[in-house]
Amino acid sequence: MQIEAGAGIEAHNSYRVQRRVGGIVIGGEESVAEETPVALVYNGISHAVMMATPDDLEDFALGFSLSECIVRRPGEILDLDVMERDNGIEIQMRVSAERALQLKEFRRSMAGRTGCGLCGTESLDQLKRRASRVDSEAVLSSGALPRALASLESMQRLFRLTGAVHAAAWCNAQGAIKLVREDVGRHNALDKVIGAVAAQRGDFGAGFVLMTSRASYEIVQKAAAAGIAVVAAVSAATGMAVRVAEESGVTLVGFVRGERHCVYTHPQRIH
């Protein structure tokens, strides 16, 4: 996969603000996370426009392509070019002829908003694709979840600056964080992690993902499509997320708080 030069839009910017404490007004500056329309274009055809943080966009494009089953492996994206436009960012990808034909047959138009993976879906039939099946025998060591959680805060650079983004962390079975990606959209953060791990030829069955958000159905669906066996979140899971995890063989964990957590599905992977 050939990647051209990326766009220059910043992931955060400073804005003048008034801070008010009681009756005292203090002028100053605040770092604010940016969200930008990002168009994903395959072989000249616009497939999706997502609101995303304009950072790690090559990872985002590859991860989105894998988690949405547009391609099955990174090598099916022949080249990738991130270009800044007047009204946002366009990521142009050239995929193999087989994948381009499949995309034309099943293409849908999405207009994603922050935190929403359904906006623009054309019908209820498109809502739930058949869940990918994960057969990994990965087992997390005792203490892996609290160990990863304890390390995550210090690695959330953009969150420390702005307080406005989610993070997804890729961790090994012992709970050591290998990489972190951040975005205003939780599913975008996960796509960035999937893309980063895939670009490094990592083994999705050998670790787990930790999310700083709730575990909604699209998080589980994307993880299953990538082959991730364990999804952990600091907040709760939704009912649809639990059902998709049960069907797809994903171990879903919520309320990861220190030494406590709640395992919703396939608990055999948590020892």
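The values are calculated or read from the model by the stated rules, or taken from the named source; none is laboratory data. Everything quoted here is computed from the prediction, not taken from an experiment. Methodologically, a virtual Cβ is constructed for each residue, glycine included, from the backbone with ideal geometry; neighbour enumeration extends over all protein chains shown.
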Flagged pairs (Cβ under 6 angstrom, 6 or more apart or on separate chains; first in segment 86-101, surrounded by fewer than 18 Cβ atoms within 10 Å (Cβ to Cβ); second in a helix (DSSP H, G or I)) are SER96/GLU76
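Yes/no per residue for (1) under 23 Å from GLY205 (Cα atoms); (2) at pLDDT 95 or above; (3) in contact with a His (Cβ under 9 Å, 6 or more places away or on another chain); (4) not assigned by TED's automatic domain parsing to the domain that holds ASP203:
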residue	(1), (2), (3), (4)
PRO74	yes, yes, no, yes
LEU80	no, yes, no, yes
ARG133	yes, no, no, yes
VAL139	yes, no, yes, yes
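Per-residue answers, yes or no, for (1) closer than 17 Å to ASP59 by Cα; (2) surrounded by 20 or more Cβ atoms within 10 Å (Cβ to Cβ):
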| residue | (1), (2) |
| --- | --- |
| LEU140 | no, yes |
| PRO146 | no, no |
| ASP183 | yes, yes |
| ALA206 | no, no |
| TYR217 | no, yes |
| ALA224 | no, yes |
Which residues, counting only those in segment 152-165, are of a type outside the set (Gly, Ala, Ser) and in a helix (DSSP H, G or I)? LEU152, GLU153, MET155, ARG157, LEU158, PHE159, ARG160, LEU161, THR162
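Output the residue which, of all residues in segment 8-62 that are of a type in the set (Asp, Glu) and within 28 Å of ALA168 (Cβ to Cβ), is surrounded by the fewest Cβ atoms within 10 Å (Cβ to Cβ).
Filtering first and then ranking leaves GLU10.
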Give me the pairs: first residue in segment 256-270 and touching a residue at least 24 places away in the same chain (Cβ under 8 Å) and outside the structural domain of LEU210 (by TED's automatic domain parsing), second residue surrounded by fewer than 10 Cβ atoms within 10 Å (Cβ to Cβ) and polar (S, T, N, Q), beta-carbon distance under 9 Å, and six or more apart or on different chains, which are they? none
Would you mind listing the strands (runs of 3 or more DSSP E) fully within segment 9-74 where at least 2 residues are touching a Leu at 6+ places or on another chain (Cβ under 6 Å)? 45-52
Top-ranked residue of segment 235-251 - restricted to ones that are closer than 19 Å to ILE194 by Cα and not polar (S, T, N, Q), ranked as surrounded by the most Cβ atoms within 10 Å (Cβ to Cβ): VAL250
Does ASP183 count as assigned by TED's automatic domain parsing to the domain that holds ALA164, in contact with a helix residue (DSSP H, G or I) (Cβ under 6 Å, 6 or more places away or on another chain) and more than 20 Å from VAL134 (Cα to Cα)? yes
I need every pair where a residue in segment 63-77 that is free of Cβ contacts under 8 Å to residues at least 40 places away in the same chain has its Cβ under 6 Å from the Cβ of a residue that is of a type in the set (Gly, Ala, Ser), sequence separation at least 6 or different chains. VAL71/SER65; GLU76/SER96
